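The values are calculated or read from the model by the stated rules, or taken from the named source; none is laboratory data. For clarity, every value in this text was computed on a predicted model and none was experimentally measured. Don't worry about glycine lacking a Cβ; one is built from the backbone with ideal geometry, like all the others, and counts go over all protein chains shown.
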Amino acid sequence: MDLHPRLLSHLRSGHVSKVVYGSIIGLALVLTLEAHPPGVGAVIGSLIATGVAVALAELYSEWVGGRTRASLGGEPAPMGEVAADTMAVGFGVAFPSVFFIASVLTPIDYDTAFGLAKWTGLGLIAGYGYLAARLSGGTRSAALVEATVVGVVAAFLILVKALLH
C-alpha cells in the first residue's frame, strides 16, 4: 500500500489508537449535545474542555502507570511519547469543534456543523479501520468489511440518537 510519508509516519507513531479513542468520545459528546443543542459557544467550549479533561486524565493515568512500572523495575514510557499520546487523545475529542467554529465564521449553519461533526467522526473511525486492516496484510475486500463493520457500529449510534431525539 503506497501512502504519503507523513501519513505513514503518523500510522507508525502509535497515536492512531489515541486519536480513535478521542474521536469516539468526541462523537459521543456531539451526539449528546445535539439532543438538546446549547448555543454554539457552549458546544465549542464543551468539546475543547472535554478534550483537555480527557487529555489530562490520560496524562495522569500514564504518569501513575509509569511510576508503578518504574518502582517494580520496569521502564516507564518516555515523557515525550506520553505527551504526544496525550495531545492525540485531546485532539481526537476536540476536533469536531472546528465545524462549530466554522459555523460562526462562515455561512455553514449550526445544524450543518452537527452533521459534519457526526459524519466526519464516523468517516475517521471507519477510515482508520480500513487502514489497519490493509496495513496488517488484509485484502481490499477484507479491509472494506472491517471498515464497514466499525462504520456500521458508529452509524448505528448516530441513528439511535437521531431516532430517540
Scanning region 14-39 residue by residue, the ones that are surrounded by 15 or more Cβ atoms within 10 Å (Cβ to Cβ) and either of a type in the set (Asp, Glu) or over 13 Å from the mean Cα position of the chain (by Cα) (or both) total 3
Does region 70-87 contain at least one residue that is small (Gly, Ala, Ser), assigned to a helix (DSSP H, G or I), buried (at least 18 other Cβ atoms within 10 Å of the Cβ) and under 15 Å from the mean Cα position of the chain (by Cα)? no
The correct count of residues that are in a helix (DSSP H, G or I) and out of contact with any helix residue (DSSP H, G or I) (no Cβ under 9 Å at 6 or more places or on another chain) in region 9-58 is 2
All conditions in (1) under 19 Å from the mean Cα position of the chain (by Cα); (2) modelled with pLDDT of 90 or more are true of Val153 except (2)
By residue number, the members of region 126-156 that are within 27 Å of Thr32 (Cβ to Cβ) and surrounded by fewer than 18 Cβ atoms within 10 Å (Cβ to Cβ) are Gly127, Thr148, Val149, Val152, Val153, Ala155, Phe156
Those residues of region 60-85 which are of a type in the set (Val, Ile, Thr) and closer than 17 Å to Val19 by Cβ amount to Val82
Restricting region 106-125 to residues that are over 22 Å from Val16 (Cα atoms) and hydroxyl-bearing (Ser, Thr, Tyr), the one surrounded by the fewest Cβ atoms within 10 Å (Cβ to Cβ) turns out to be Thr106
